[in-house]
Amino acid sequence: MATDPLLRQCPDSTDLVLRAGPAGPVWNALTSARSALLTPLALGVPTLLVAFCMALAGARASTVFVVVGVIAALEYLLGWLALAFSQARDILRVEFAPAGVPVSLRLVRAAGPDDWLPVDTLREVRLTHKVVEPYEGDRKPALSTLALELVLRGGRERLAPLPFNGDPQPLADALETLLAPAAVVVELRTERSTREEPRSNWYSGGSASANSGGG
């Protein structure tokens, strides 16, 4: 019954796939470990300051290298833990089971799937399609994103806007058809805006100089 690329028909469920890839604590730890490599680079200035101060104090080069290495390792470890915890609750997909007329749903997060819930726990699905059009003369293409909000009984789950190219209406229609037996409301809202044109200070600066020189 899946009629949209984001809806995947499986033998036992229909999945709304938001981010591709496996889920689980091990996979989350591995992906976080890769991203955490940027942490020592982001904190490179304080680390270099420590090395510089040690060198001024007369420390040996070998000692400076060891201390810098320990600091970088700690930065990496802390960055890894912070990223792992922050990504753990990221929603990868929403599973509706069985595939035909779902009676249950569950959220699959980066750290693994949540427990199954009755489908009537879901009250509303809100899709927000934002399109930022280029200004006149702008060579950059339009930027299109899609944000998802699940209104659940007793809470909400929001997903940060994801890049989205195409028409979101088929997705909204497919979700509405899938969830109609459970009386779940599917709302699609499209917001359009124009990218701000960068302002140049060259003319204003030149005008100010000319006016100041005429006094």
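Taking all Cα pairs closer than 8 Å and separated by 6 or more residues, the relative contact order of the chain comes to 20 percent.
Determine the calculated [θ] at 222 nm for the chain from helices alone, applying -39500 (n - 2.57) to every DSSP H run no shorter than 4 residues and normalising by the residue count; nearest 500 deg cm²/dmol. Before the final figure, lay out the partial values.
Values: 6 runs with 79 residues, N = 215.
Rounded to the nearest 500, the figure is -11500 deg cm²/dmol.
Could you do me a favour and compute the accessible area per residue for the chain, 1.4 Å probe, result in Å²? Please list the in-between numbers first.
Values: 13550 Å² over 215 residues.
Solvent-accessible surface per residue comes out at 63 Å².
Largest first and in whole Å, the equivalent-ellipsoid semi-axes of the stretch 20-144 read 45, 25, 10, each the square root of five times a Cα gyration tensor eigenvalue.
Across all directions of projection, what mean area in square nanometres is found for the Cα convex hull of the chain?
On the way: hull surface 84.8 nm².
Its average projected convex-hull area is 21.2 nm².
F164 contributes about 30 Å² of solvent-accessible surface, heavy atoms of the protein only, 1.4 Å probe.
Which percent of the accessible area of the stretch 1-92 is formed by carbon and sulfur heavy atoms (probe 1.4 angstrom)? Spell out each step's value before the answer.
Details: 4470 of 5940 Å².
Carbon and sulfur atoms account for 75 percent of the accessible area of the stretch 1-92.
For the pair R139 and A160, a Förster radius of 30 Å applied to the C-beta separation gives a FRET efficiency near 0.65, rounded to the nearest 0.05. What the Cα atoms of the stretch 89-195 give is an Rg and a Dmax of 15.8, 51 Å.
With a 1.4 Å probe and all protein chains kept in place, how do C10, C53 rank by accessible area, largest first? Walk me through the numbers before you get to the answer.
Details: C10 35, C53 80 Å².
In descending accessible area the options line up as C53, C10.
Taken as Cα centroids, the stretch 151-170 and the stretch 1-71 sit 26 Å apart, rounded to the nearest whole angstrom. Once the Cα atoms are used to define both axes, helix 61-87 deviates from the longest principal axis of the chain by about 20 degrees. In this structure, the amide hydrogen of V186, modeled 1.01 Å from its nitrogen in the peptide plane, lies closer than 5 angstrom to those of V125, counting only residues at least 5 positions away or on a different chain.
Quote the relative contact order of the stretch 1-121 in percent (integer), defining contacts as alpha-carbon pairs under 8 Å separated by 6+ residues. Please report the intermediate quantities before stating the final value.
Numbers: 178 pairs, mean separation 42.0, N = 121.
Contact order relative to length: 35 percent.
Applying the Karplus relation 6.51 cos²θ - 1.76 cosθ + 1.60 with θ = phi - 60° to the stretch 91-100 yields 3J(HN,Hα) values of 7, 8, 7, 10, 9, 10, 9, x, 5, x Hz, where x marks Gly and Pro. Measuring only protein heavy atoms, the 1.4 Å probe finds V101 accessible over about 90 Å².
The values are calculated or read from the model by the stated rules, or taken from the named source; none is laboratory data. Note that the structure is a prediction, hence the values are computed from the model and not measured. Backbone-built Cβ (ideal geometry, glycine too); neighbour counts: all protein chains shown. Just so you know, the surface numbers come from the protein's heavy atoms only, side chains and all, with ligands and any DNA or RNA stripped out. Shrake-Rupley method; radii C 1.70, N 1.55, O 1.52, S 1.80 Å.
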